[in-house]
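A quick write-up on the structure given underneath.
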Amino acid sequence: MRVIVTRPRAQAAIFVEALRGAGIDAVALPLIEIRPVPDPRLLAQAWRELPDFALVMFVSTNAVQQFMHQQPPGMRWPSTVLAASTGPGTSAALRAAGVPDAALVQPAGEV
């Protein structure tokens, strides 16, 4: 059996290595590329306007990392803004980035 891993390049390599270590024929076929936004001013603006929102949805660990990488010095996640995640990896990334558990909205059954 051959497994094709379609994660972004850096993440695909980790999965391929683990699968091969388990004796599975695995190859990487990255179908998306993660890059910084072309205009970082847009992220700076999003950070400035963040307190105006009730909820911000993060669709992946990569989304969390890209957004949080542009966090202005001294700014923390606003206590009045919820951060929604699509699953456990995204939730973990939000926690690691400093989003408090009280602000985290995640799928049912996730801790």
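Once you reduce region 87-102 and region 1-41 to the center of their Cα atoms, the two points are 22 Å from each other. Of the trypsin sites (Lys or Arg not before Pro) found in region 14-111, those that fall in a DSSP loop while having at most 10 other beta-carbon atoms within 10 Å are ARG76. Computed on the chain, with alpha-carbon pairs under 8 angstrom and 6+ residues apart, the relative contact order is 20 percent. Gain on full extension, evaluated as 0.36 nm per residue between ALA96 and ALA22 minus their Cα-Cα distance, stands at 23.7 nm. Extending 7 Å from Cα along the Cβ direction at ALA54 and again at VAL37 yields two label points whose distance is 2.3 nm.
Note on exposure: ASP101, ASP52, ASP39, ASP25 ranked by accessible area (1.4 Å probe, complete protein assembly) read ASP52, ASP101, ASP25, ASP39, with the most exposed listed first. Taking all protein chains as shown and a probe of 1.4 angstrom, VAL59 keeps an accessible surface of around 100 Å². For region 62-111, the relative contact order works out to 41 percent when only alpha carbon pairs closer than 8 Å and six or more residues apart are counted. A cut-off of 5 Å between modelled amide H atoms, ignoring neighbours fewer than 5 places along the same chain, links VAL105 with ALA83, ALA84, SER85.
For region 1-95, applying the loop criterion from DSSP together with a ceiling of 15 other beta carbons within 10 Å to the chymotrypsin sites (Phe, Trp or Tyr not before Pro) yields PHE53.
The values are calculated or read from the model by the stated rules, or taken from the named source; none is laboratory data. All values derive from a computational prediction rather than experimental measurement. All Cβ positions, glycine included, derive from the backbone under ideal geometry; neighbour counts span all protein chains shown. Accessible surface areas use protein heavy atoms only, side chains included; no ligands, DNA or RNA. Shrake-Rupley method; radii C 1.70, N 1.55, O 1.52, S 1.80 Å.
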